[in-house]
Amino acid sequence: MSLVEAAIDAFFSAQTEIIVFAIAICFHSLVFGKYGFAVPAKGSKLTKDLSREGSRSGRDASPRQSLQPAYCAHHTFVRAVSSFLRAEHRQQEVNLEISKQLELSAAGTEIEALEALLSALGKPTNAEVLAAVRGVLQQQGLQPSMRLYELILRGYLALRLLDDFSKLFAEVEARDVVPPNIKVLALRAAIQASDCEAAIACVPGLASTLKSSSVATPSIAYANLVQQLVRLAADNGALPRLLQELRSCELLNPWVLEAVIVECSQRGDVEHLEQSVELAQAQGTELTLTARSALICAARTGGDALNSFQDAVGQGPPDAVLVLALAEAAER
């Protein structure tokens, strides 16, 4: 039997199954089409039961429910303010509404209520809400928690309100020891503002946080943050200073060096590329596969590329990435 005949036979044999399947679909639509899964109404018993279940704490709460204990405790406040914010209002009106709803909360829980509000609103929190929260804190003489500080700072960063971010961060620094998560936000703000000096000044404060990611593969967030820092330093001719700061903080681990070497390779910055390699050799840091590949691609001549390839192979088996990098260098 030819290939064409086999295909025709397969088509006609499948026709019967297709027809049966189509009849089944039509039958299901006629018989069950008028039935559907009802969505519980906003005030239905099921919704109330779920809300009551979410408010439980301790052993009875599931891990998912216990992720937002503050929201469960202040859902009335959050729901009232969120409903009010669905329409456009002037700044003064937002301030008054949040202040009014906050008065209905139990005494001593105002900070938790504001934390729950900003957590529920998420990143799209608008500037009016952040200003209103700050205004209420000042009017009522409330001292923000570090968690509330973080939520407001995240809001400023998302909205690119860098002046407001700087003022509030200075307040946090004056008050207490700044936790690592807020220090990371400060570095992000400095990078967003293209303030190279401020960004490099953040490195010592993040040493312990970045060191914790030095043994294993870092998170994508930390890797991206370091890449942005290296790119900012390269744009401002400050790579030597950044390398010195990283070295003094003992942060020239394999993945940080990878970010530096890849950036230098892409820019054709041979001077700082060689400096980075020398630093790695001086402290006995083994380069990653990506860094070794970048060294091959950055070679000026075919001979240099071959030497870099041989050095890379000396640290491990010849991976396909290295072979491709060598081929790319040979084409130039």
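Of the residues making up the stretch 181-208, those that are modelled with pLDDT under 90 and either open to solvent by 20 Å² or more (accessible area, probe 1.4 Å) or of a type in the set (Asp, Glu) (or both) are Gly205, Ser208.
Does Ser194 satisfy the condition of being closer than 19 Å to Leu239 by Cβ, more than 15 Å from the chain's Cα centre (by Cα) and either outside any helix (DSSP H, G or I) or not aliphatic (A, V, I, L, M) (or both)? Spelling it out, Ser194 is indeed closer than 19 Å to Leu239 by Cβ, more than 15 Å from the chain's Cα centre (by Cα) and either outside any helix (DSSP H, G or I) or not aliphatic (A, V, I, L, M) (or both). Among the numbered conditions (1) under 24 Å from Gln227 (Cβ atoms); (2) in contact (Cβ under 8 Å) with a residue 12 or more places away in the chain, the only one that Leu326 does not meet is (1). The condition of being open to solvent by less than 30 Å² (accessible area, probe 1.4 Å), farther than 24 Å from Leu232 by Cα and over 31 Å from the mean Cα position of the chain (by Cα) holds for only one of Ala282, Ala299, Ala305, that being Ala305.
Please work out if Glu271 is open to solvent by 20 Å² or more (accessible area, probe 1.4 Å), more than 23 Å from the chain's Cα centre (by Cα) and charged (D, E, K, R). Lay out the reasoning, then the answer.
Values: open to solvent by 20 Å² or more (accessible area, probe 1.4 Å): yes; more than 23 Å from the chain's Cα centre (by Cα): yes; charged (D, E, K, R): yes.
Yes; evaluated as a whole, the condition is true for this residue.
Could you name every one of the helices (runs of 4 or more DSSP H) located completely within the stretch 30-127 that has at least 3 residues being at pLDDT below 85? Before the answer, list the steps.
On the way: elements: 45-54, 69-73, 75-84, 91-103, 110-121.
Here the list reads 45-54, 69-73.
Scanning the stretch 76-112 for residues being touching a residue at least 40 places away in the same chain (Cβ under 8 Å), under 27 Å from the mean Cα position of the chain (by Cα) and open to solvent by less than 50 Å² (accessible area, probe 1.4 Å) gives a total of 2.
When Ala234, Ala291, Ala325 are checked against the criterion of being open to solvent by 10 Å² or more (accessible area, probe 1.4 Å), of a type in the set (A, V, I, L, M, F, W, C) and either out of contact with any Gly (no Cβ under 6 Å at 6 or more places or on another chain) or at pLDDT 90 or above (or both), Ala234 stands alone in meeting it.
Has the stretch 131-138 got at least one residue that is open to solvent by 30 Å² or more (accessible area, probe 1.4 Å), touching a residue at least 40 places away in the same chain (Cβ under 8 Å) and of a type in the set (S, T, N, Q)? No, there is no match, as no residue in the stretch 131-138 is open to solvent by 30 Å² or more (accessible area, probe 1.4 Å), touching a residue at least 40 places away in the same chain (Cβ under 8 Å) and of a type in the set (S, T, N, Q).
Among residues of the stretch 144-169 being without any contact (Cβ under 8 Å) to a residue 24 or more places away in the chain and open to solvent by 50 Å² or more (accessible area, probe 1.4 Å), the one that is nearest to Glu103 (Cα to Cα) is Lys167.
The values are calculated or read from the model by the stated rules, or taken from the named source; none is laboratory data. A quick note: this is a predicted structure, and the numbers were derived from the prediction, not measured. No Cβ is skipped: glycine too gets one built from the backbone with ideal geometry, and neighbour counts run over all protein chains shown. The accessibility values were calculated without ligands, DNA or RNA, using every heavy atom of the protein model including side chains. Shrake-Rupley method; radii C 1.70, N 1.55, O 1.52, S 1.80 Å.
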